[in-house]
Amino acid sequence: MKLYSTNNHELRTDFQTAVFNSMPLDKGLYMPDYIPELDQEFIDQIDKFSFSQIAYKVASVLMKDAIPLEDLQAIIDDAINFEAPLVELSEDTYVLELFHGPSLAFKDFGARFMSRVMGYFLKESEKMLDVLVATSGDTGGAVALGFLNVPNTRVTILYPKGKVSEIQELQLCTNGGNIHAIEVDGTFDDCQALVKQAFADEELNQRLRLTSANSINIARLIPQTFYYFNAYAQLKRRGKTDVVFAVPSGNFGNIGAGLLAYKMGLPVKQFIAATNANDTVPRFFSTGIYEARPSVQTYANAMDVGAPSNWVRIMNLFSSNEAELKTVVSAAAYTDDQTLKAMKDIYQQYDYIACPHTAIAWLALREYQSANPGDYAGIFLSTAHACKFPDVFPEEMKGKIEIPDQVAALSKKEKLATRMDASFESFKKYLTSY
Ligand SMILES: *Cc1c(COP(=O)(O)O)cnc(C)c1O
């Protein structure tokens, strides 16, 4: 498997380099230089295969010789050790639950696969890998739990004091071992600036082998294709094959993976990108003008992204052919009021509790279904467990949210974060005095 940079289509990098660099020096994103199609026979028979077998098939076709097949299978089985069930809510409406991993969000797929791929390549190298992450919530937990106990790695997570939810904070701070959390007296932007400065610091780069685990790493995108194929397999077992996916979108990595799956031959009628008030992409669909904006805060805060970093990948997948893109993808944006109402409506209609991100995808699906009546299954992706965002729910629903065992256990654990001011001097001192 070779990868090019979206800023330089002549560049060819191998998979291992792309994983450790995360981003090419020219600040583009890595993309596979060739998107292979799965054979039709596999797609026709997909309902006969398990999630693990499907993931292995997709990965082995896409990643070819990047990792020996036996090792690839072991990495997949270790990383994706939880289910992604398709739950039927009504005859034409299904929810794909992607929150059954350790951090209760879909980011577990990407973070766990990436951590194991990095750990795998590290075996041959001597130096400890230092993973630095700034988080506003969900990424930190997935990365922390993804790298926990992965040999030869050390993870430092910076999060803004008082600005992540209680469960998110506990997921970051109670791990110990190779996971270090820093509670920064500042904002998420401060945390991100500290990480960026560390990567630019010559002395730190000489002393430590630094890498970033951020969402643009190609090793986070690839495993997200698996659950689209697996959702299709589950649907096929129920005798249906016409499908529309509605995807809650922020950085557009999730829907980007869906579109990669589509390009690999997954038969999907339509993808709907659903956003909150951060509507850069829906505006692009209605005006034809792509104009990033500063992000605004919403209830669905993991989607508060004004300049979606994976958008360029999607444009590349479609060779910047807007007309083709628009035949496969549509987009819609929703306000906080609409989100809250959707959470209540889903509960009333289906007796189902959806997190705010998930509710936005449901709204987009419902709108699409009323505009396009027909005999197809609508699947909306549920990206996080509702218990991660209790404060968004109205009182009467809050008490109905089921608390998974791992969350109940978290509150008994000790918080192990280091407090720090937002100066680079303090951060550098911390990193060099491990
Ligand atoms: C990260 C996240 C999203 C957005 O996913 P993208 O791949 O960035 O579009 C949606 N919902 C939840 C719960 C998330 O954590």
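Below, the figures for the structure above:
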| read-out | value |
| --- | --- |
| Length-normalised contact order for region 161-307 - Cα pairs under 8 Å, 6+ apart - percent | 16 |
| Net charge over other residues, Cβ less than 13 angstrom from the Cβ of Ala274 (K, R count +1; D, E count -1) | -1 |
| Carbon plus sulfur fraction of accessible area for the chain, probe 1.4 Å, in percent | 47 |
| Residues whose placed amide H lies under 5 Å from that of Arg209, excluding near-sequence neighbours | Asp130 |
| Inter-centroid distance (Cα atoms) of region 27-66 relative to region 153-208, Å | 34 |
| Simple label model, 7 Å out from Cα along Cβ direction - Lys196 to Phe424, nm | 1.1 |
| Contact order relative to length of the chain, as percent, for alpha carbon pairs under 8 angstrom and 6 or more apart | 19 |
| Between region 340-365 and region 375-434, the Cα center-to-center distance that results, in Å | 20 |
| Radius 12 Å from Cβ of Tyr368, net charge of other residues (Lys, Arg +1; Asp, Glu -1) | 0 |
| Cross-link pairs beyond the 22 Å C-alpha cut-off, checked among Lys163/Lys196; Lys123/Lys196; Lys64/Lys263; Lys2/Lys27 | Lys123/Lys196 |
| Residues in region 62-90 that a label on Tyr352 would reach, taking backbone N under 19 Å of a point 7 Å out along Cα→Cβ | 83-90 |
| ³J(HN,Hα), Karplus 6.51/-1.76/1.60, whole Hz, each residue of region 219-229, x for Gly, Pro | 6, 8, 6, 4, x, 6, 6, 4, 6, 5, 4 |
| Cα gyration tensor category, rounded, prolate or oblate, for region 216-362 with a/c compared to 1.5 | oblate |
| Per residue accessible area of region 95-214, 1.4 Å probe, in Å² | 35 |
| Per residue accessible area of region 239-367, 1.4 Å probe, in Å² | 37 |
| Average Cα contact separation per residue, region 1-160, under 8 Å, 6 or more apart, as relative contact order % | 15 |
| Max mean-square fluctuation residue, GNM over the chain, Cα-Cα springs under 10 Å, options Ala193, Ala111, Ala55 | Ala193 |
| Kirkwood hydrodynamic radius of region 115-226, Cα pairs, Å | 14.4 |
| The chain - Rg over Rh from alpha carbon coordinates, Kirkwood radius | 0.94 |
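The values are calculated or read from the model by the stated rules, or taken from the named source; none is laboratory data. These numbers were taken from a predicted model, which means no experiment stands behind them. Counting neighbours? That spans all protein chains shown, and the Cβs are built from the backbone with ideal geometry, glycine included. Ligands, DNA and RNA are excluded from the accessible area calculation, which covers all protein heavy atoms including side chains. Shrake-Rupley method; radii C 1.70, N 1.55, O 1.52, S 1.80 Å.
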